[in-house]
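*Asks:* I'd like to ask some things about the structure below.
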Amino acid sequence: MPGVCSLAIDEARRDGYGVSTLVPQTSTTGTDRTVNPRPMIVGPLGPTQLSCLTSWRARGLQTVFLQTEDPPNAWGIGHLAHVHLHKAASALRSADGARWLREQVLAHDVSGVTCVGDELALWLHEALAPLPQVSRWLAPARAITDLLSKRLQIERASACGFKLLPTWDLRSADDVRSLPRNAYPVVARPDTPQSVSPGFKVEVWRNSEQAESFMRSRQRVHSPVIVQRFVRGPNVLVHGCRHGDGSQQPYAAFTAPRKHLGVCVELTPRPLSPELEAACRRFADVFALQGVFHFDLLLDEVDGSIYFMEVNARLGGTTGKVAALGLDEPSHLLSAFGALPMSPTATPAAGRAYNLQAALKYWWAACRGRLSLIDYPCLGTLEATQALLRMMASGQEEIGPLRQPRAALCYHSQKLAGILRLPGR
């Protein structure tokens, strides 16, 4: 689809991107050290952060973990991070916090910094700008900012060849009339996280009365509420990695056969069609992405169509699950910025990976009859119990005590400390 690709690239250039599949895009990085790099990851203690620490330590790297929870309380973190720092997120994201971060980065000879989360990534870009020798292992700030817009993502996805669900833009209750009556149920999301007040993440409207009532309850609609036809089915996750010279590693696709409250409970590998991979590659080129990222797509269980939902240009909530299936995203991230030699993308192993906490939440909601339209699949108590037991018997927990005993100790001790309200260590 060369015509579509050219259109998307031309539009991106007009928007200020210097994109090309032949020209390196390395403006967001400093001078990467390929000899014994020392990575820092910033954020709370979760499966993604633990996957990074485990992967980097296995490669013999000296790791630094800046934990932003208050208070931190996890056993065994010293077995994963050579340096464990702590500063609450509220204190870190300030002028004093930025100065403190730069001092710690220099004191511990950090090569590059990364995180999980778009807003934190933008803050890190700004906070570390005075240290050009320290790499920011993040997508370009311009791309992160623009990808916050669901509307822009949809427009670019269409130009790159993705299938799209029927979509409408609403700015007021009067605009609800533009939706055909046979469109319901529909799913509504804000264009950007702060574009609507009071804010929301996702809403499902079953009819026009619910849609009008919701729109009237908004005090401010700075940019349109994005409304799309509701389709029942599992999510499809496509993980990719793009280097500074524009080259891309082979993509890997996964199905999320179970999801709850917007979270993928489990993942299984799936084939990736050449057409879908080509659309993903074009999209990554249009935004000049660098590092790892994943596309969140939706599979229509009726006709098998796969629709674009959004892209996350960073490490994400599925990093730990794909790592359990053999896809080492933390190492690919460093190789994308020249901090590690490029390693071939391993074919994900057959099987399934799951998050036990998310699985138990899904099961408990099913037992109480509390699963919603956005949960999948909607099972009864007996079916949900059988599915949970099958998953635990045949799958791998993303932070499991057998596969990652040190990471499991850190993760579950932190959760237990929170439940028991123990003081910080």
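*Asks:* Looking at the structure I just gave you, is residue 357 out of contact with any strand residue (DSSP E or B) (no Cβ under 8 Å at 6 or more places or on another chain), open to solvent by less than 30 Å² (accessible area, probe 1.4 Å) and either within 21 Å of residue 313 (Cα to Cα) or at pLDDT below 95 (or both)?
*Replies:* Numbers: out of contact with any strand residue (DSSP E or B) (no Cβ under 8 Å at 6 or more places or on another chain): yes; open to solvent by less than 30 Å² (accessible area, probe 1.4 Å): no; either within 21 Å of residue 313 (Cα to Cα) or at pLDDT below 95 (or both): yes.
No; evaluated as a whole, the condition is false for this residue.
*Asks:* If you go through region 314-326 one residue at a time, how many are within 15 Å of the chain's Cα centre (by Cα) and crowded, with 24+ Cβ neighbours inside 10 Å?
*Replies:* Restricting attention to region 314-326, the residues satisfying the condition of being within 15 Å of the chain's Cα centre (by Cα) are 314-323.
Cutting the leftovers down to crowded, with 24+ Cβ neighbours inside 10 Å gives us 314-315, 318-323.
Count: 8.
*Asks:* What are the residues in region 241-254 that are open to solvent by 20 Å² or more (accessible area, probe 1.4 Å) and assigned to a strand (DSSP E or B), if any?
*Replies:* 248
*Asks:* What residue, of 156, 181, 218, is of a type in the set (Lys, Arg), over 17 Å from the mean Cα position of the chain (by Cα) and crowded, with 22+ Cβ neighbours inside 10 Å? Outline the logic, then answer.
*Replies:* Values: 181 fails: crowded, with 22+ Cβ neighbours inside 10 Å; 218 fails: crowded, with 22+ Cβ neighbours inside 10 Å.
Within the list 156, 181, 218, the selection yields 156.
*Asks:* A follow-up question, please. List every residue pair whose Cβ atoms sit under 9 Å apart, with the two residues 6 or more apart in sequence or on different chains, where the first one lies in region 39-66 and is in contact (Cβ under 8 Å) with a residue 40 or more places away in the chain and among the hydroxyl-bearing types (Ser, Thr, Tyr) and the second, anywhere, is part of a strand (DSSP E or B) and open to solvent by 30 Å² or more (accessible area, probe 1.4 Å).
*Replies:* That search, which allows pairs on different chains as well, returns nothing.
*Asks:* Still on this model: List the number of the failed condition for residue 258; all other conditions in (1) in contact (Cβ under 8 Å) with a residue 60 or more places away in the chain; (2) touching a Cys at 6+ places or on another chain (Cβ under 9 Å); (3) closer than 18 Å to residue 316 by Cα; (4) open to solvent by less than 10 Å² (accessible area, probe 1.4 Å) hold.
*Replies:* Exception for residue 258: condition (4).
*Asks:* Are any of the residues in region 278-301 surrounded by fewer than 19 Cβ atoms within 10 Å (Cβ to Cβ) and either on the phi > 0 side of the Ramachandran plot or at pLDDT below 95 (or both)?
*Replies:* Yes, region 278-301 has at least one match.
*Asks:* Restricting attention to region 360-377, which residues are open to solvent by 70 Å² or more (accessible area, probe 1.4 Å) and not aromatic (Phe, Trp, Tyr)?
*Replies:* First, the residues of region 360-377 that are open to solvent by 70 Å² or more (accessible area, probe 1.4 Å): 360-361, 363-364, 368, 370.
If the condition is that a residue be open to solvent by 70 Å² or more (accessible area, probe 1.4 Å) and not aromatic (Phe, Trp, Tyr), then 360, 361, 368, 370 are the ones that fit.
*Asks:* Follow-up. Please note which strands (runs of 3 or more DSSP E) are completely contained in region 1-119 and include at least 2 residues that are at pLDDT 90 or above and open to solvent by 30 Å² or more (accessible area, probe 1.4 Å). Write out each step before concluding.
*Replies:* Numbers: elements: 39-43, 64-67, 83-86, 112-115.
Counting at least 2 such residues, we get 83-86.
The values are calculated or read from the model by the stated rules, or taken from the named source; none is laboratory data. Here the structure is a predicted model, which is why all the values come from computation and not from measurement. As a convention, Cβ positions derive from the backbone with ideal geometry for all residues, glycine included, and neighbour counts pool all protein chains shown. Keep in mind that these areas ignore ligands, DNA and RNA; they rest on the heavy atoms of the full protein, side chains included. Shrake-Rupley method; radii C 1.70, N 1.55, O 1.52, S 1.80 Å.
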